[in-house]
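Trainee: I am attaching a structure below and will ask some questions about it afterwards.
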Amino acid sequence: MSDAVDLGRAERILRAAGAPVRTQYPMAPLTSFRIGGPAALFVEAESDADLTAAAEAVRASGIDWVVVGKGSNVLVSDRGFPGLVLRLGRGFRWTAREGTRLRAGGAMPLPALAGVALSHDLAGLEFGVAIPASLGGAVRMNAGAHGRSMQDALASVELFSLTDAARASLPASSAGFDYRRSTLPEGSLVVGAVLALSRGNRAAIRAEMESARAWRRATQPLAEPNCGSVFKNPPDDHAARLVEAAGAKGMAVGGASVSTKHANFIVAGPGATAADVRALIRAVRERVEARFGVALQLEVQLVGDDDLESV
């Protein structure tokens, strides 16, 4: 855990480098859950220079750090994050086309990127319209929907290492993609990627995207604060089915409840806290394991001073 001396040193380094650092920055508005405490230090990086400053601050101070993208699959502790939170800013939100390949920055929203592909009659990213994530976050967790995932569309990944303060390009085949995970280096940020798409019929691409949007509206609690899927699907099964069959659909702890629209979603009602959500996750996991002998694994990322599997 970062202490005041380390934080002060990191802040001085960031300010001396001209990085846009803020202190005790509210995290809740940056997440789709809309709950959680502040970041001790927060930098929305607009350039590699800002990331280089962050790398130096982390190296010199030893503080903890974490990256947050669109905030659609994170739960921030009520105590916040005691180190440096990094987010890629507009300087990393860009696209460029080279034939059937689409290059983009890590801050590019995946639904918007799917729209760019459509505008160029490029097929292969239609599923992305239903995933409310940044490209960087979607790549790192190998996000997917409708039977496809990021690994199916990626040619290469552009990384910025906070360990080396340098960029590196990695072919997608070396990223260790698996279901909702990758083996990309933990000490790096996904600052860009190249998508290998194919020529398609615009009307057909649009129809598939509309179908994905309609499915999301019909099956997910979009009008309520949530983090998306809470649990990973076990092999040959669905977390939502297990949660519902265990009788946990609609279960509530404090202001948090399991969605009655989709059992693998937890929604944050008025007054909900991150502690409520964590307690509910624990209760749901215990009920499913007791009924079916299946230990559900988290898909949501816990940000804060709590261990990922301590829920």
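Trainee: Label ALA252 and GLU98 with points 7 Å out from Cα along Cα→Cβ: what is the distance between them in nm?
Mentor: My value for the distance between the label points is 5.4 nm.
Trainee: How many times 2.2 N^0.38 Å is the alpha carbon radius of gyration of the stretch 1-151?
Mentor: Numbers: Rg = 16.9 Å, N = 151, 2.2 N^0.38 = 14.8 Å.
In units of the globular-protein estimate, the stretch 1-151 measures up at 1.14.
Trainee: Something else about it: In debye to the nearest 20, how big a dipole does the chain give about its Cα centre with +1 on each Lys and Arg Cβ and -1 on each Asp and Glu Cβ? Before the final figure, lay out each step's value.
Mentor: On the way: 34 positive and 32 negative charges, 178 e Å.
For the chain, the charge dipole is close to 860 debye.
Trainee: Now for a different question. Heavy-atom accessible area of TRP94 with all protein chains present, probe 1.4 Å, nearest 10 Å²?
Mentor: Rounded to the nearest 10, that gives 90 Å².
Trainee: Carbon-plus-sulfur fraction of the accessible area of the stretch 1-118, 1.4 Å probe, in percent?
Mentor: On the way: 2420 of 4950 Å².
The C+S portion of the solvent-accessible surface of the stretch 1-118 is 49 percent.
Trainee: Here is a further query. How do THR260, THR183 rank by accessible surface area computed with a 1.4 Å probe, from largest to smallest? Don't skip to the answer; put the middle values down first.
Mentor: Values: THR260 110, THR183 80 Å².
Reading off the accessible areas and sorting them downward yields THR260, THR183.
Trainee: Now for a separate question. Could you calculate the contour length gain from ARG202 to ARG181, that is, 0.36 nm times the residue separation minus the distance between their Cα atoms, to one decimal place in nm? Provide the component values of the computation, followed by the final result.
Mentor: Numbers: separation 21, 0.36 × 21 = 7.56 nm, distance 3.08 nm.
Length difference between fully extended and current span is 4.5 nm.
Trainee: Let me ask another. Quick check: residue separation of ASP64 and ALA165 times 0.36 nm, minus the Cα distance between them. What number comes out in nm?
Mentor: Extra length from ASP64 to ALA165 when fully extended: 34.8 nm.
Trainee: Which residue, GLY247, GLN301, HIS262, has the largest displacement toward the positive end of the dipole of the chain when charges sit on each Cβ (Lys, Arg +1; Asp, Glu -1)?
Mentor: The listed residue farthest towards the positive side: HIS262.
Trainee: Farthest toward the dipole's positive end in the stretch 142-236, which of CYS227, TRP215, SER174, given Cβ charges of +1 (Lys, Arg) and -1 (Asp, Glu) about the Cα centre?
Mentor: TRP215
Trainee: Given Cα pairs under 8 Å that are at least 6 residues apart, what percent is the relative contact order of the stretch 124-185?
Mentor: Working: 73 pairs, mean separation 17.9, N = 62.
RCO, the stretch 124-185: 29 percent.
Trainee: Lys and Arg at +1, Asp and Glu at -1: add these up for the other residues within a Cβ distance under 12 Å of GLN220 and post the number. Show your work: numbers first, answer last.
Mentor: Values: positive: ARG213, ARG216, ARG217, LYS261; negative: GLU224.
Here the charged neighbours net out to +3.
Trainee: So between ARG79 and ALA112, what do we pick up on full extension, going 0.36 nm a residue minus the alpha carbon distance? Mind showing how you got there, number by number?
Mentor: Numbers: separation 33, 0.36 × 33 = 11.88 nm, distance 3.26 nm.
Gain in length upon complete extension: 8.6 nm.
Trainee: Using r as the Cβ-Cβ distance of ASP236 and SER47, and R0 as 41 Å, what FRET efficiency do you calculate, to the nearest 0.05?
Mentor: Values: r = 45 Å, r/R0 = 1.10.
The formula returns an efficiency of 0.35 here.
Trainee: Which of the three applies to the chain, rounded, prolate or oblate, going by the alpha-carbon gyration tensor with a ≥ b ≥ c and a/c under 1.5 meaning rounded?
Mentor: Values: a/c = 1.86, a/b = 1.06, b/c = 1.75.
Taking the square roots of the gyration eigenvalues as a ≥ b ≥ c, the chain is oblate.
Trainee: Give the separation of the Cα centroids, the stretch 146-179 to the stretch 192-258, in Å.
Mentor: Between the Cα centre of the stretch 146-179 and that of the stretch 192-258, the gap is 23 Å.
Trainee: Among 299-305, 208-214, what's the highest-first ranking by average C-beta atoms within 10 angstrom per residue? Write down the numbers at each step before the final one.
Mentor: Details: 299-305: 19.9, 208-214: 15.6.
Averaged packing, sorted descending, gives the order 299-305, 208-214.
Trainee: Would you calculate, for the chain, the mean residue ellipticity at 222 nm contributed by helices, counting each DSSP H stretch of 4 or more residues as -39,500 (n - 2.57) and dividing by all residues, to the nearest 500?
Mentor: Value at 222 nm, helices only, nearest 500: -9000 deg cm²/dmol.
Trainee: In addition: What ranking, highest mean first, results for peptides 129-140, 15-26, 190-201 when packing means the other Cβ atoms within 10 Å averaged over each residue? Can you show the working numbers first?
Mentor: Numbers: 129-140: 26.4, 15-26: 14.9, 190-201: 19.4.
Going by the mean number of other Cβ atoms within 10 Å, highest first, we get 129-140, 190-201, 15-26.
Trainee: Efficiency by 1/(1 + (r/R0)^6): what FRET value for ASP121 and ASP305, r their Cβ-Cβ distance, R0 = 41 Å, to the nearest 0.05? The partial results should precede the final answer.
Mentor: On the way: r = 48 Å, r/R0 = 1.17.
That pair, ASP121 with ASP305, gives E of 0.30.
Trainee: Taking the solvent-accessible surface of protein heavy atoms with a 1.4 Å probe, what is the per residue accessible area of the chain in Å²?
Mentor: Details: 13420 Å² over 311 residues.
I get 43 Å² per residue for the chain.
Trainee: Considering only protein heavy atoms, what is the solvent-accessible area of LYS70 at a probe of 1.4 Å, reported in Å² to the nearest 10?
Mentor: 110
The values are calculated or read from the model by the stated rules, or taken from the named source; none is laboratory data. Given the structure is predicted, the values throughout are model-derived calculations rather than measurements. As a convention, Cβ positions derive from the backbone with ideal geometry for all residues, glycine included, and neighbour counts pool all protein chains shown. Note: accessible area is taken over every heavy atom of the protein model, side chains too, but ligands, DNA and RNA are not part of it. Shrake-Rupley method; radii C 1.70, N 1.55, O 1.52, S 1.80 Å.
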